[in-house]
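Structure first, commentary second.
The values are calculated or read from the model by the stated rules, or taken from the named source; none is laboratory data. Note that this is a predicted model, so its numbers are computed, not measured. As a convention, Cβ positions derive from the backbone with ideal geometry for all residues, glycine included, and neighbour counts pool all protein chains shown.
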Amino acid sequence: MWLLAEEEKTVTELANALNITVANVSQHLSIMRSLGAVSSRREGRVIYYHIANQKFYQGAQLIREGLLEEMEKRLNAVHLEQKITEDETEVEHEQKEILAD
């Protein structure tokens, strides 16, 4: 859907951009078209696909942003946990040194 956000594209253009087969792209587009997510127009033998309603793209963009925010939260939590573990290890090491003296 990201590739169709700014301009319409052919199946071949999409397949090349995604580095997947034309057959695979065609199957996905067929499903998306049957659900009303994309529309198409024919120009001679070439079929161009575009997003049927910009709200679909906007919705996908919001979902993507939400997922990225959640991933960032999880990554920050992991980093915090690692920092706490490092600090605890350092304190334990310092305590052992004090006790050894």
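The residues listed here are Leu14, Leu29; of these, the one that is touching a strand residue (DSSP E or B) at 6+ places or on another chain (Cβ under 6 Å), assigned to a helix (DSSP H, G or I) and modelled with pLDDT of 95 or more is Leu29.
Looking at Ile47, Ile31, which one is surrounded by 12 or more Cβ atoms within 10 Å (Cβ to Cβ) and more than 19 Å from the chain's Cα centre (by Cα)?
Working: Ile31 fails: surrounded by 12 or more Cβ atoms within 10 Å (Cβ to Cβ).
That would be Ile47, the only listed residue that is surrounded by 12 or more Cβ atoms within 10 Å (Cβ to Cβ) and more than 19 Å from the chain's Cα centre (by Cα).
For region 52-67, the criterion of being surrounded by 10 or more Cβ atoms within 10 Å (Cβ to Cβ), touching a strand residue (DSSP E or B) at 6+ places or on another chain (Cβ under 6 Å), under 30 Å from Ser26 (Cβ atoms) and at pLDDT 80 or above is met by at least one residue.
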